[in-house]
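Below is one structure, written out as structure tokens; the observations come after it.
Quick note: the coordinates plus some simple rules give every number you see, no bench work behind them. Worth saying up front: this structure is predicted, and the values here are computed from it rather than measured. Note that we place each Cβ from the backbone using ideal geometry, even for glycine, and neighbour counts take in every protein chain shown.
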Amino acid sequence: MKFPRLVLLVLAFSSGCSFLPDREEPAEPEIPESFNRAGGEEAPAARWWEDFNNGELNRLVEEALAGSFTLQGAEARLRQARAAAALAGSGRYPRVNLAGEAGATRTSAETGGERQTATAENYGLSLAAAYEIDLWGRVRSAAREAGALAAAAAFDLSAARISLAGEVADRWLREVNLRSRLELARRQVETNRTTRELLLLRQRRGLATALAVYQQDQIVAATESLIPALESELETVRHELAVLLGRPPRADLGLRADRLPSLPSRPGTGLPSRLIGNRPDIRAAFSRLESADWGVSAARADRLPALTLSGSAGYRSGEFEDLFDNWFAGFAAGLLAPLVDGGRRSAEADRMLAVSEERLAGYRQTVLNALREVENALVREEKQAEYIAGLRLQLAAAERALGQAQLRYRKGETGYLDVLSSLNSTQSLQRELLSGERDLLLYRVALYRSLAGGWEGEDSEQ
């Protein structure tokens, strides 16, 4: 009874043994108490794209989440990581094998001038077991190393979902905006052509100069030149959107929206400290740091002796009928202590420690990048709203100036250059306002993404 008690004592000792790296400073870098520009009271919804209240956008995001090959690849990587974790964790359990054998041996020998032939049969059925007692926590550390990598893969999948939803919303907003800008450009071309025809009539009556007609020709050509670039960009964005959905570039996506949605109320940002738990990319970086730490522990424990227990029991007989009459059993313990390996184990421990330090730096950088993304999204949205308000004031003033310039030109009080300048400024501001409204919505999408909107943490926790 002494040996089993010794085994239990060894197991109890080994269960609390690890060689994790010691750190004097916390893993997180310095985190501010609050964001510079607080948002609303409510946190972003998990399905934040529904805040735009547009069925077409909802349909596209859902289709992308279901059919994206990028997500399918991330899901496959998660399954690989979980299988690797199960493989690494299998070392914590005994290995048991069942073996059966049956054979016959025929011998021939010459005895007394005569050749004698004999046949000997042998049968066996045995059960063999082996188990490594995890004296220093090497097996447990290796299992936790792989488990942390599996957790990182799950967080990577969540981050990919957030990124995909944001990319789809980004491309959809650009597509709608490009169609609006293309329609505006065509209307401006028609307006400019109509103005040119009026100038030609005035020229025939001696009320306009050829210079005014040439100047109007220039603005017509300049406006027309915008259309091919917009059409090219529109087709490109549609191709990108289709591929994000897992469909061919020229697939018909059934896009019908003809105007940008209204900007939803700004979500609450919460505290910067909570962002660490909300962002799956931060949690993935921390899981990789944990994996590297357990790798250090496993590498350090690998330099120490390993104790393996093995045993076997079974039946063996020369006659099949007597197989279960002859049994055998055996038990053994083996101790393997590394003596000379050319410094391989020590070098591996040093390498894993450097990997841990690298991932620690990467984790800290990921946290700072996340804080920066939130701050940038907040300030860009706020300043973009101010910029759009200024643009609208400019456009209103430009339209009044254009009307006044046209009136004065018709009365002969000013030259056509004033009309041309006002017309060019008005049309340019119209186009700029459309782009500015698109950018405001894109900054909101960036804010949702930076706050980890669209991630259901329960999936990754599992």
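Please find the FRET efficiency linking GLU75 to ALA251, where r is the Cβ-Cβ separation and R0 is fixed at 30 Å, and quote it to the nearest 0.05.
0.85
Would you indicate which of (i) -0.74, -0.93, -1.27; (ii) -0.48, -0.77, -1.62; (iii) -0.53, -0.80, -1.31 is the value of log10 I(q)/I(0) by the Debye sum over Cα atoms at q = 0.08, 0.10, 0.14 Å⁻¹ derived from the coordinates of this structure?
After the calculation, the listed value that fits is (i).
Compare the Cα positions of SER421, LEU393, PRO280 along the charge dipole of segment 279-433 (+1 at Cβ of Lys, Arg; -1 at Cβ of Asp, Glu; about the Cα centre) and return the one farthest towards the positive end.
SER421
Among ALA299, PRO248, PRO29, pick out the residue whose Cα is farthest towards the positive end of the charge dipole of the chain, where Lys and Arg carry +1 and Asp and Glu carry -1 on C-beta, about the Cα centre.
PRO248
Calculate the dipole size of segment 321-361 relative to its Cα centre from +1 charges on Lys and Arg beta carbons and -1 charges on Asp and Glu beta carbons; express the result in debye to the nearest 20.
440 debye
Quickly rank 237-245, 27-35 as a protection proxy: mean count of other C-beta atoms within 10 Å, highest first.
The packing order, highest mean first, is 237-245, 27-35.
When the chain is fully extended, how far beyond the present Cα-Cα distance does ARG316 get from ASN58, taking 0.36 nm per residue of separation?
That pair, ARG316 and ASN58, stretches by 85.9 nm at full extension.
Can you give the calculated 222 nm mean residue ellipticity of the chain, where each DSSP H run of n ≥ 4 adds -39,500 (n - 2.57) and the sum is split over every residue, rounded to the nearest 500 deg cm²/dmol?
-22000 deg cm²/dmol
With the dipole of the chain worked out from charges on the C-beta (+1 for Lys and Arg, -1 for Asp and Glu) around the Cα centre, which of ALA222, LEU98, SER310 lies farthest toward the positive end?
Going by the Cα projections, it comes out as ALA222.
By how many nm would the segment from LEU336 to LEU211 lengthen if fully extended, with 0.36 nm per residue of separation less the alpha-carbon distance?
My answer for the length gained is 35.2 nm.
In debye, nearest 20, what is the charge dipole magnitude of segment 358-462 about its Cα centre with +1 on Lys and Arg Cβ and -1 on Asp and Glu Cβ, if you could check?
Charge dipole of segment 358-462: 700 debye, to the nearest 20.
Separation between the GLU30 and SER90 pseudo-spin-labels, each 7 Å from Cα along Cα→Cβ, expressed in nm?
Taking the two extended label points, one gets 5.0 nm.
Could you grab the relative contact order for the chain? Cα pairs under 8 Å, six or more apart, rounded to a whole percent.
26 percent
Give me the dipole magnitude in Debye, nearest 20, for the chain about the Cα centre, with unit charges on the beta carbon: positive for Lys and Arg, negative for Asp and Glu.
1780 debye
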